[in-house]
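Reading through the C-alpha cells given below for one structure.
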Amino acid sequence: MCGMNYSELAGKSKEEIGALLKEKRRAHSGLVFLRAQGKVKNVHEIGTLKQDIARIATYQRSVRAQSQKT
C-alpha cells in the first residue's frame, strides 16, 4: 500500500476527501483490531494508514483555514 500525497488530494472535492478520510479511519481501526488478534502479516500498512489519515486531516484543515481567510 502506497501513501498519499497532497497532489492527489488537491483534485478532490470536500465530500470526496471526507469520504476518503472516513474510509482510511475504518480500515485503520480494522487492521488494529486484527493486529491484536495476531492476524496481520504486514504491520507496516498500519503505519502507512496512520500517515495517510494525518495527511488528509491536515489537508482538510489547511483548506478550511484558507477558505476562512477569504
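The values are calculated or read from the model by the stated rules, or taken from the named source; none is laboratory data. Values in this document were obtained by computation on a predicted structure and should not be read as measured data. Neighbour counts are summed over all protein chains in view; Cβ atoms, including those assigned to glycine, are modelled from backbone coordinates with ideal geometry. The area values use the complete protein model at the heavy-atom level, side chains included, leaving out ligands, DNA and RNA. Shrake-Rupley method; radii C 1.70, N 1.55, O 1.52, S 1.80 Å.
Tabulated results
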{"quantity": "³J(HN,Hα), Karplus 6.51/-1.76/1.60, whole Hz, each residue of the stretch 40-45, x for Gly, Pro", "calculated": "9, 8, 9, 6, 4, 4"}
{"quantity": "Summed residue charge, Cβ within 11 Å of ILE53's Cβ, Lys/Arg positive, Asp/Glu negative", "calculated": "+4"}
{"quantity": "Computed [θ] at 222 nm, helices only, for the chain once each DSSP H run of length n ≥ 4 contributes -39500 (n - 2.57)", "calculated": "-26500 deg cm²/dmol"}
{"quantity": "Structure-derived Rg/Rh (Cα atoms, Kirkwood Rh): which label, when the choices are (1) 0.92; (2) 1.07; (3) 0.96", "calculated": "(2)"}
{"quantity": "Heavy-atom accessible area per residue - the chain, 1.4 Å, Å²", "calculated": "74 Å²"}
{"quantity": "Segment ASN5-LEU34, length gained on full extension (0.36 nm per residue, minus Cα span)", "calculated": "7.8 nm"}
{"quantity": "Projected label distance in nm at ALA19 and GLN60, using a 7 Å step from Cα toward the beta-carbon", "calculated": "1.5 nm"}
{"quantity": "The chain, accessible surface, carbon-and-sulfur percent (1.4 angstrom probe)", "calculated": "53 percent"}
